[in-house]
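To keep things clear, I will list the structure first and then write my remarks on it.
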Amino acid sequence: MRSPLQRWKNVDEPDDGVPPPLRFNPRRTPGVQPPIHLGIPSPGEIFSFFYDLPVLRLLCEYTNKNAEQNQQAGKKFVWNKIHPAEMKHFLGLLVYMSVLELPKISDYWRQATIFRVPFPATVMARDRFLAILSNIHMSDPEKTAEEERKRGTEQYDHLHKVRPLMDLVKTQCKAIYHPRQHIAVDERMVATKARINLKQYMKNKPTKWGLKFFVLADTNGYTVDFMLYSGKSRMATGKGLSFDAVNMLVDKNYLGSGYIVYTDNFYTSPLLYRHLSQQGFGACGTYRQGRVGVPTTQENALTKRSPRGSIRWLRDGGLLFVKWMDTREVSLCSTIHPVYNGETVQRWQKTGDEHHRITIPRPTAVGEYNKYMGGVDTSDQMIGTNSVHRKTRRWPMTVFQHLLDVAVTNSYILHKSQSTNMQARLLTRQQFQEELAAHLLGVTLKTGQPNPPPPPTRQHLPVPCSSGHTKDQRASMGRRRCKLCSRNTPWKCDVCDVGLCLVLDRNCFWQYHQSQ
């Protein structure tokens, strides 16, 4: 049912329904999570938390199986099993190509031309790179065959070819960073040439055709969580796609409570906002006039002749509906904001043949929405900078490229956050990706030569505390207080230089180093 008939109120009328401020209670401390929050890790170290050894092993295992099946099917190519070290080189070349972009992949191995790029051939042969590229696989080929036999049934998973890797990357994105209080949900389009039912059309996006991701992002552009739209889900609640998308991304068990979610008019509805409010979240966003539950009254409503800066509002339970006349009418719904707190903005106005600035009032919700809604758009812009994306007709490869872009972009955002906190030098996006490529390829950035082996490290060994004391002094001066149990001990760690017990029934030395 639509809201009952009410009168739109003017901005100077009292608002007695202002909600109290939300109590922000996140599950973890917002920001970069341990162990990255200590010091300033290198680009390669940050990226390795997204594409860690389990991810590399998954890619190697399924790529080797896929190559073996392709050879058994009669495809002609030379294949040697790929291992995690070589997979890192492959990813490194993809990042390298995103910085130094050429029209075709084969151009990186051209020889007899002034456009020759000598470095890629020193890392990997062209045919080997193309063989890995054509056989890269993100799911078990045997399970893929089983899943294909379910096609046309309700049990069929349209995303089975990409789900294992996608789930791992999503888990890492949520583990390494916890969002701050203001978060946004929006769509992201990833272009693809594949002819599949998954492809969507969105006329208001720069990329009109492609794979549609629903994305939860922080205001700094960090991709916290995402889901690839694959059609009607078995988990659908019957309350609409927009409701289900926000409900799955905004997870109280992961986030905590007190978060403020910003959405555009595709998602905003009274049903969704009341649900978020019950979960302990605030919400704010533009809304469509035809949505079920929004006010339909025209009494004292804005018209096309209303002067610029006019504000109308009404409350329906815990929901505030605001209309503001700017260049055109702007409609917002909020569960957390007052109507107006005195904020103004400057606008140009034409009088006769002259243009001059005027000051007009702006509702509180409009200012907050403009400030915090752009997280996904910021993320899209950063992902589009030096992207590894290349045209392909294999949609799983498009997803693979996008996941790599998400990991690189999130890594750079973490680098910016840590550099700012530690007041250290901030790398540009290009410098960051250059250092990341060099790390993955195992070479130095300036010379392109293999990295030298790390210097040998001192081992943590127990040594007597009495070193340097005479025989008569060892009984008293040659002892220290144990770091763990606070008892006197004649032993210490040679590297840590702390006293630690080393007796038959109390091995504090071992316990201490297990916790380091």
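Readers should treat all values here as calculations from the given coordinates under stated rules, not as data from a laboratory. Since the structure is predicted, the reported quantities are computational estimates derived from the model, not experimental observations. Cβ: placed from backbone, ideal geometry, glycine included. Neighbour counts: every protein chain shown.
Please sort by residue number the GluC sites (Glu not before Pro) in segment 123-199 whose DSSP state is loop and whose Cβ has at most 12 other Cβ atoms within 10 Å. Present the calculation step by step, with values, prior to reporting the outcome.
Numbers: sites: GLU142, GLU146, GLU147, GLU148, GLU154, GLU187; in loops: GLU154.
Taking segment 123-199 and a limit of 12 other Cβ atoms within 10 Å, the loop GluC sites (Glu not before Pro) found are GLU154.
So between ASP497 and SER233, what do we pick up on full extension, going 0.36 nm a residue minus the alpha carbon distance?
Numbers: separation 264, 0.36 × 264 = 95.04 nm, distance 5.90 nm.
This chain segment gains 89.1 nm when fully extended.
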Can you divide the C-alpha Rg of segment 43-160 by 2.2 N^0.38 Å and report the result to two decimal places? 1.26
Whole-Å semi-axes of segment 142-186's equivalent ellipsoid, largest first, each the root of 5 times a Cα gyration tensor eigenvalue? 32, 13, 6
Cα-based reach from LYS446 at 26 Å (exclusive), listing lysines while leaving out same-chain residues under 8 positions away: LYS88, LYS104, LYS416
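Pairs of alpha-carbon atoms within less than 8 angstrom and 6+ residues apart define the contacts here; what relative contact order does segment 91-221 have, in percent? Walk me through the numbers on the way to the answer.
On the way: 106 pairs, mean separation 19.4, N = 131.
After rounding, I find 15 percent.
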Given 25 °C and 0.890 mPa s, how large is the Stokes-Einstein diffusion coefficient of segment 129-261 in µm²/s, with Rh as the Kirkwood radius over Cα pairs? 146
Any lysines with Cα under 20 Å of the LYS150 Cα? List them, leaving off those in the same chain fewer than 8 positions away. LYS161, LYS232
Per-residue HN-Hα couplings for segment 109-124 [Karplus 6.51, -1.76, 1.60; θ = phi - 60°; Hz; x = Gly/Pro]: 10, 5, 10, 8, 7, 6, 8, 5, 10, x, 5, x, 5, 6, 9, 7
Return the sequence-ordered ³J(HN,Hα) values of segment 242-259 in whole Hz as given by the Karplus equation 6.51 cos²θ - 1.76 cosθ + 1.60 applied to θ = phi - 60°, using x for Gly and Pro. 4, 5, 5, 5, 5, 5, 7, 7, 8, 9, 5, 5, 8, 7, x, 9, x, 6
Using only Cα atoms and rounding to the nearest 10 degrees, what angle (0 to 90) does helix 429-441 make with the longest principal axis of the chain? 40
Separation between Cα centres of segment 354-417 and segment 85-146, rounded to whole Å: 27
Report, by chain and number, residues whose modeled amide H sits under 5 Å from the one on ASP316, excluding near sequence neighbours (fewer than 5 apart, same chain). PHE321
HN-Hα J couplings of segment 386-400 from phi, Karplus 6.51/-1.76/1.60, θ = phi - 60°, integer Hz, Gly and Pro as x? 6, 6, 7, 5, 9, 4, 7, 9, 9, 5, x, 5, 4, 5, 4
If the chain between ALA112 and TYR156 were fully extended at 0.36 nm per residue, the gain over the current Cα-Cα distance would be 10.8 nm
If you project the alpha carbons of segment 194-343 onto the principal axes, what extent comes out on each, in Å, largest first? 49, 36, 33
Entries in LYS81/LYS208; LYS76/LYS391; LYS203/LYS304; LYS252/LYS371; LYS143/LYS174 that, when Cα-Cα distance is taken, lie over 29 Å: LYS81/LYS208
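Kirkwood Rh over Cα pairs of segment 261-356 into Stokes-Einstein at 4 °C, 1.567 mPa s: D in µm²/s? Before the final figure, lay out each step's value.
Working: Rh = 14.7 Å.
After rounding, the answer is 88 µm²/s.
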In nm, give the distance between the simple-model label positions of THR327 and GLN449, each being 7 Å from the Cα along the Cα-to-Cβ direction. 5.8
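Given Cα positions, please report Rg to Rh for segment 350-401, the hydrodynamic radius being the Kirkwood one. Display every interim value, and only then the final one.
Working: Rg = 20.8 Å, Rh = 15.6 Å.
Ratio of gyration radius to Kirkwood radius: 1.34.
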Sequence-distant or interchain residues sharing an amide H contact under 5 Å with LYS492, placed H: which? VAL463, CYS465, LEU500
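Report the extension gain between LYS391 and THR428 in nm, rounded to one decimal, defined as 0.36 nm multiplied by the number of residues separating them, less their alpha carbon distance. Display every interim value, and only then the final one.
Details: separation 37, 0.36 × 37 = 13.32 nm, distance 2.62 nm.
Additional length available on full extension: 10.7 nm.
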Between rounded, prolate and oblate, where does the chain land on the alpha carbon gyration tensor, with a ≥ b ≥ c its root eigenvalues, rounded for a/c under 1.5, else prolate if a/b exceeds b/c? oblate
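If you build the Cα gyration tensor of segment 312-441 and take the root of 5 times each eigenvalue, what three semi-axes come out, in whole angstrom, biggest first?
Working: eigenvalues 340, 79, 67 Å².
Those come to 41, 20, 18 Å.
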In whole µm²/s, the translational diffusion coefficient that Stokes-Einstein assigns to segment 194-240, given a Kirkwood hydrodynamic radius over C-alpha pairs, 25 °C and 0.890 mPa s, equals 194
Label-to-label distance, nm, for residues given as GLN289 and ALA301 (7 Å Cα→Cβ offset): 0.6
Tell me the mean residue ellipticity at 222 nm calculated for the chain from its helices only (DSSP H runs of n ≥ 4, each -39500 (n - 2.57), averaged over every residue, nearest 500). -10000 deg cm²/dmol
Value of relative contact order over the chain, rounded to a whole percent, pairs C-alpha under 8 Å and six or more apart: 19
Could you tally the net charge around MET382, taking each other residue with its Cβ under 13 Å from the Cβ of MET382, Lys/Arg +1 and Asp/Glu -1? -1
